[in-house]
Every structure is written in structure tokens, then in C-alpha cells.
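S.K.: Take a look at the following structure, please.
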Amino acid sequence: MDRAVHQTDGGRFRPAAATATGGPGYRLSSSGTTGRPLEVTLDDAAWYAVNYHFFAQIRDLAGLPPETFRRGVPAVLFVSNKPGRPSFVRPLPSLDNGLYLRLQLPESGQDTLALLQKFQAPVLYGKPTYLLDLRAALLGQGAERAPWQPELLLVSGEPLHPDDRARLTSYFGAPVVDALASTEGGLIAATEPDGATYRVFGENVRLEVLDATGQVDENGRGELVLTNLANRSTVFARYRTGDHAELATAADGTQRLLRLHGREPETVRFRTAELSADEVTRAIGFLPGLADFQFVLGERDRTLLRWSAEASCTDPGVPAAALREAVAGLLPAEDPELEQCARITPPGGKKRRFLL
């Protein structure tokens with residue numbers, strides 16, 4: 001089964017007793033940035049797992065000492081640029097009642113530096129694009145480095161590309177934990193700080209992969225298939241996530257993701273060549289003065305390459321020239337059309353490097 005089944009008949013994913021009594025006390029909805037929002041139900045235990053135990057699991061994985069978090073002191077700062085969401089503060093009982101701060105970035109960016117000097121936490125959390133927007137806002141206000149150094153950057157919700165990882169770690173001076181989580185499954189897997197592979201949280205989920213031949217296995221490459229163990233109020237087995245990865249299951253049952261591609265392609269078929277996505281990112285993503293890029297393929301007579309400049313870039317002509325040279329080396333017979341954009345990923349959206 002997959003997301004479409006869940007959206008069409010969500011009641012099939014809830015226990016019959018809960019449905020008859022009106023359901024558990026909590027409902028959670030996805031943002032809907034990649035389509036229609038998806039709603040799941042949560043009982044008290046699942047609500048605690050999603051909102052609180054999540055952070056204890058990340059703390060343990062990252063090896064952060066207990067004294068990192070103190071009652072009534074900022075513990076986790078979640079930064080968002082999603083329109084229409086409120087800022088709030090709540091205690092995190094799983095982190096010694098340290099404070100969870102949700103900060104909605106100001107649209108103008110003018111108050112960002114003042115807010116960050118006021119609200120500083122050992123864990124800075126958000127989608128990669130949220131934290132990159134925070135970085136851009138601070139750079140735009142003249143802050144060449146972040147106003148504080150977190151212990152950890154926690155990212156989730158979209159692919160973390162290597163060039164974006166480098167921008168975040170160099171600016172904030174902290175290692176990254178990249179987590180795979182979903183509305184349906186909660187916390188699925190995460191890397192150790194600056195790690196390359198993902199530990200699967202076996203107490204939360206069980207993973208398999210569906211390969212190109214339609215076979216399901218606990219080892220190999222393919223689409224991740226998820227069995228939910230933690231949330232008894234939204235139950236499913238062998239749920240197709242849409243994310244692609246390479247999964248390894250050890251003899252003792254522990255699982256790791258050796259590679260996580262998510263919904264980005266491993267290889268990209270251009271008009272005149274086929275290249276690995278990693279090769280494209282290595283050639284383009286690290287160019288000085290470049291903030292982001294996106295290839296649009298198949299919709300036009302000519303390949304379109306959208307790009308944006310860093311907030312600190314004083315002469316956009318410099319990254320533009322470097323971009324043309326890099327693209328000519330990658331695709332000498334293609335001559336893509338270059339389009340400079342103020343931003344590429346819309347606020348609250350999910351980054352897509354390759355629109356096929």
C-alpha cells in the first residue's frame with residue numbers, strides 16, 4: 001500500500017475501537033507541500049513519541065551529555081519559514097524540561113539577528129532550506145558567522161545535499177545529524193553527527209526495500225517499505241514511502257541505510273548525456289557565490305538551469321560566469337538556458353534539485 005491509499009481511506013489505518021469511539025485525542029497533518037495533506041491519528045503514547053521522545057533518541061544517538069540541557073533554558077531551536085505558522089515555546093520533559101522554541105523567521109529578515117542573539121539553544125533544528133534561509137538572513141545583516149555555536153544541527157524533512165551541508169557546518173560551526181522522519185512513521189532513521197550512514201530506530205519501525213522486480217527484502221536497494229511499530233493509532237505494515245535507499249540488515253536484526261536518495265534521482269538523463277546526481281552537485285554546488293541551483297528537464301525545448309546567488313555575493317556576474325564554465329564541462333553539447341532567481345525552493349516547500 002502507499003500514500004494514495006492512506007489519503008483515499010484514512011479510516012482503514014485506524015483501529016476499529018478507536019474509530020467507533022471517535023478516535024484518539026490527537027490528529028497530525030502533513031504540510032501538503034508535495035500534494036494533498038495526509039492526516040494521521042495519535043494516542044497519548046504516540047503523541048509523546050513524536051513530540052518529545054524524538055529528541056531523546058537524537059540526543060542519545062548524537063552522544064550529547066545530560067548537562068547539555070537544563071530546565072527552563074533553551075534546548076532546541078526549531079526555525080521555520082513556512083507561512084502562517086506561529087512561534088511558540090514549550091518544555092521538553094525528555095530533555096530535563098529544557099525549552100523547545102519554534103521560531104517563525106520574519107519575512108523581512110530584519111529582526112533575525114536580534115532574535116538569534118536572544119534565543120540560542122544547543123540544538124538548531126529545521127529542514128535544510130529553513131536553516132539555509134536563516135543563514136542567508138544573518139549574512140544579509142552582516143553576520144559573517146552565526147551569533148552562537150550550537151552543539152548540533154538537526155535536519156529533517158528534505159534531502160540534505162553535500163554542498164548545503166558544507167554551507168551549514170561552516171557557518172554554524174556544528175556537526176549535522178540528518179534524520180529521516182515522516183508524518184506516518186515518525187522518526188525512522190538518522191545519522192550520527194556528520195555520519196554518512198543512517199541508523200534505523202528499530203524500536204519505532206521495521207524497514208524493507210522494494211526493488212525494481214517487485215521483490216521485497218531486508219537488504220538491497222529500492223523503495224523503502226515501512227512497518228510502523230511505535231504509533232498504534234495509525235497502523236500499517238509494508239507501506240511504500242516513496243523514498244529510495246540502500247538498506248542493510250545485520251544478523252542481530254539491527255538495520256542501517258547505507259545510502260539515502262529520498263525522492264531525488266540517482267542518475268539524471270539530460271538531453272545529450274546521462275550523469276549521476278552526485279557528479280552534477282560536485283561540479284556545480286560548491287561554486288563560490290552560488291547559493292542554490294535546480295535543473296528543469298523535459299518541459300521545454302531547452303534544458304533550464306535555475307540558480308541563485310549567496311546573500312553576501314556583491315557581483316552575481318562572478319558565480320554566473322563560473323556556472324557557465326562548469327555546465328559547459330558537464331554538458332558540452334547541451335547549452336542549457338540559465339535563469340537567475342531570488343530563491344528557488346518556495347517558503348515551506350521541499351527542495352528539488354532535478355525537476356524531471
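S.K.: Counting only DSSP beta bridges with both residues in the chain, tell me the antiparallel percent, nearest 5.
M.R.: About 65 percent, rounded to the nearest 5.
S.K.: Continuing with this model, one more query. Under the definition of Cα pairs under 8 Å and six or more residues apart, what whole-number percent is the relative contact order of the stretch 52-122?
M.R.: Here the relative contact order equals 35 percent.
S.K.: Starting from the amide H of Ile188, placed 1.01 Å from N in the peptide plane, find each other amide H under 5 Å away whose residue is 5 or more places distant or on another chain.
M.R.: Leu180, Ala181, Ser182
S.K.: For the stretch 24-101 and the stretch 306-356, what is the separation of their Cα centres, given in Å?
M.R.: Centre-to-centre (Cα) distance: 34 Å.
S.K.: Using only DSSP helix segments of four residues or longer, with each worth -39500 (n - 2.57), what per-residue ellipticity at 222 nm results for the chain after dividing by its residue count and rounding to 500?
M.R.: -6000 deg cm²/dmol
S.K.: Let me ask something else about it. Measure off, as a whole percent, the carbon and sulfur share of the 1.4 Å-probe accessible area of the stretch 292-356, all protein chains present.
M.R.: About 48 percent, which is the carbon plus sulfur part of the accessible surface.
S.K.: Taking the Cα atoms of the stretch 164-272, what is the range of coordinates along each of the three principal axes, in descending order and whole Å?
M.R.: Extents along the principal axes: 40, 40, 29 Å.
S.K.: Got the relative contact order for the chain handy, in percent, Cα pairs under 8 Å and 6 or more residues apart?
M.R.: Relative contact order for the chain comes out at 13 percent.
S.K.: Sticking with this one: Students often check this: by mean Cβ neighbours within 10 Å, which of 267-279, 164-176 ranks highest, and how do the rest follow?
M.R.: 164-176, 267-279
S.K.: Continuing with the same structure: Excluding same-chain pairs closer than 8 in sequence, count the lysine pairs in the chain whose Cα atoms lie under 20 Å apart.
M.R.: Close lysine pairs under the 20 Å cut-off: 5.
S.K.: Let me ask you something else. In nm, to one decimal, how far is the modelled label at Arg70 from the one at Lys118, with both set 7 Å along Cα→Cβ?
M.R.: 2.1
S.K.: What residue among Glu192, Glu339, Glu151 has the largest mean-square fluctuation in a Gaussian network model of the chain, using Cα springs under 10 Å?
M.R.: Glu339
S.K.: GNM on the chain, C-alpha springs below 10 Å: top fluctuator among Arg256, Arg102, Arg36?
M.R.: Among Arg256, Arg102, Arg36, the largest mean-square fluctuation in the Gaussian network model of the chain belongs to Arg36.
S.K.: Where only protein heavy atoms count, and the probe is 1.4 Å, what is the accessible area per residue for the chain in Å²?
M.R.: 46
S.K.: Over the stretch 214-356, what is the relative contact order in percent, taking alpha-carbon pairs closer than 8 angstrom and at least six residues apart?
M.R.: After rounding, I find 18 percent.
S.K.: If I build a Gaussian network model for the chain, linking alpha-carbon pairs within less than 10 angstrom, which residue out of Leu138, Leu331, Leu124 has the largest mean-square fluctuation?
M.R.: Leu331
S.K.: Which far-off residues, 5 or more places away or on another chain, put their amide H under 5 Å from the one on Gly348, with H placed in the peptide plane?
M.R.: Asn81, Lys82
S.K.: Take the alpha carbon atoms of the stretch 223-263, find their center, do the same for the stretch 201-221, and report the distance between the two centers in whole angstrom.
M.R.: Using only Cα atoms, the two centres lie 6 Å from each other.
S.K.: Taking each full run of DSSP H in the chain as one helix, which ones are at least 24 Å long along their axis (Cα atoms) and have mean Kyte-Doolittle hydropathy of at least 0.5?
M.R.: Span-like helices in the chain: none at all.
S.K.: Further, regarding this structure: Within the accessible area of the stretch 135-258, what % is carbon and sulfur when the probe is 1.4 Å and the other protein chains stay in place?
M.R.: 48
S.K.: Right, next: By the gyration tensor of its Cα atoms, with a ≥ b ≥ c the square roots of the eigenvalues, what is the shape of the chain: rounded for a/c under 1.5, prolate for a/b over b/c, or oblate?
M.R.: Oblate, because a/c is 1.5 or more while a/b does not exceed b/c.
The values are calculated or read from the model by the stated rules, or taken from the named source; none is laboratory data. Keep in mind that this is a model prediction, so the values were computed, not measured. Virtual Cβ from ideal backbone geometry, glycine too; neighbours counted across all protein chains shown. To get the accessible areas, we keep the full protein, side chains included, count just its heavy atoms, and leave off ligands, DNA and RNA. Shrake-Rupley method; radii C 1.70, N 1.55, O 1.52, S 1.80 Å.
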